[in-house]
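Here's the structure, in structure tokens; my notes come after.
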Amino acid sequence: MYSLKAYIPYYKRNLVVAVPVMLTQLGGALVGLADSIMVGHYSTTDLAAVSFANGVFFTFMVFAMGALMGVTPLAGQSCVQKDDNRVSNLLQNGLLFTTLLIVATCCVLLLCLPFIDSMGQEAGVVVAARPYLLMRIVGLVPFLYFCFFKQFLEGLGNTMVAMLITIGANLLNILLNYVFIFGKLGCPAMGAAGAGLASLIASVVYSIGIVAVILKREEWAKYFKLFRRANNDKSVVKELSKVGFPIGVQTTMETVLFTISFIMVGWINKETLAAHHIANQIADLAFMLSLGIGAATTIRVSHQYGLHDYASMRMAGRASVHLVLLMNTIGASVMIGFRNYIPYIFTADESVVPIASVLLVYAGVFQYSDGLQCVGAGLLRGITDVKIPMVLAFVAYVVIALPLGYLLMFTMGMGVSGMWLSFILALSLAAIGFHVRFWRKAKKM
């Protein structure tokens, strides 16, 4: 039976962890939003180019970011057990794991560059997308190091540092967007390529900032002082990959769904692709709140799991479900209520605005599916249960959603609305699968 009084402490604890993550993720989403707004006012072709290039880029970036999430529950469980040597070992070998991951991810993305002109996009879109994508690939190197340290600190229970660094770097990114996209302060107008250059510079600031803070604080710097050559351990790298890779695959499945959706929507025309991008940008902005709750869920559950306090673990999990439903309701209300006004933030093109307005209704409904699957994934990651969720994500996002989206869009003539219906169904199925699995396992603890 639900009791508000019993849950209030759990809401507070979850939010203390979640709010900085929300603001961190929201900051990143706002930069993407600023990219879209500025590039959209530069030209519709460049907006479509950013949308297309990000569809390709984020597929691989999200896998790498997801793989790095494996350090959070492992570091969290060791931290609450006060095992400093184990935490230091995870940090040392995690850096090696991150380096290998960066090399592999950048190589794959660079191999994709020559083939983007064969993905069915308009010629002008491809020309604008190529330099933007190249800038994003270079910026991935410092950004993934930042992501690793962010996940490590989250495992230790600190989400504030990444938030503060992100706010500063994002403000710089938005300023540089304005300078490079439109050609201010003596710079040439670069359009989409300028947005990519701004992101590259901000990524360098991210990584330098978080390393400087960690080294300055003794409570974290001590883990570096415990580094030893003898501690380079393939088994720890293997453990990180064993937990991280399924998370990376799981998060990538959702990204693959959206990436291929951008490619298929681009087959209709660039106006529909631009509208699809606008709806995705707003949905992503709202999703950052759910992502914060999901990350906090992993941290809180991993800590209680490490302490073998299973009753508190279950309460913290339920509190996250309550919080994400509240966030989803607020997000859906804004999207649906302001659907006729939001598109004008991005573009004045009257061939784009009506399509985007319709898609924002679907995006509002989609918030519930997306939020619940995010928290469900966070619950399972907290107990390092990652393999079955990976399979569930593959079935929902690839086996079901993509064929259904194509069927609804082209065979049944629903256009881009059909793709959004497939989004809602796929994420709902994933959410149900994640939650059923976690609560069955939790009841046995």
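When the residues of the range 358-404 are filtered to those that are open to solvent by less than 50 Å² (accessible area, probe 1.4 Å) and hydroxyl-bearing (Ser, Thr, Tyr), the one that is farthest from GLU254 (Cα to Cα) is THR384.
Applying the set (1) among the aliphatic types (A, V, I, L, M); (2) within 19 Å of VAL138 (Cβ to Cβ); (3) touching a residue at least 60 places away in the same chain (Cβ under 8 Å); (4) touching a Cys at 6+ places or on another chain (Cβ under 6 Å) to VAL204 leaves exactly one unmet item: (4). When restricted to residues that are among the aliphatic types (A, V, I, L, M) and touching a residue at least 60 places away in the same chain (Cβ under 8 Å), the range 170-197 contains 7. May I ask you to list the residues in the range 330-357 that are in a loop (DSSP other than H, G, I, E, B) and surrounded by fewer than 14 Cβ atoms within 10 Å (Cβ to Cβ)? Hits for the range 330-357 are ASN340, TYR341, ALA348, GLU350. In the range 45-90, of all residues being among the hydroxyl-bearing types (Ser, Thr, Tyr), under 20 Å from the mean Cα position of the chain (by Cα) and open to solvent by less than 10 Å² (accessible area, probe 1.4 Å), the one that is nearest to ALA275 (Cα to Cα) corresponds to SER51. Scanning the range 116-140 for residues that are assigned to a helix (DSSP H, G or I), open to solvent by 60 Å² or more (accessible area, probe 1.4 Å) and of a type outside the set (Gly, Ala, Ser) yields a total of 5.
Residues that are small (Gly, Ala, Ser) and surrounded by 18 or more Cβ atoms within 10 Å (Cβ to Cβ) number at least 2 in the following helices (runs of 4 or more DSSP H) confined to the range 190-306: 192-216, 234-266, 270-306.
The values are calculated or read from the model by the stated rules, or taken from the named source; none is laboratory data. No experiment lies behind these values; they were computed from the predicted model shown. Using ideal geometry, Cβ is built from the backbone for each residue, glycine included, and neighbour counts are taken over all protein chains shown. Side chains included, ligands, DNA and RNA excluded: accessible areas come from the protein's heavy atoms. Shrake-Rupley method; radii C 1.70, N 1.55, O 1.52, S 1.80 Å.
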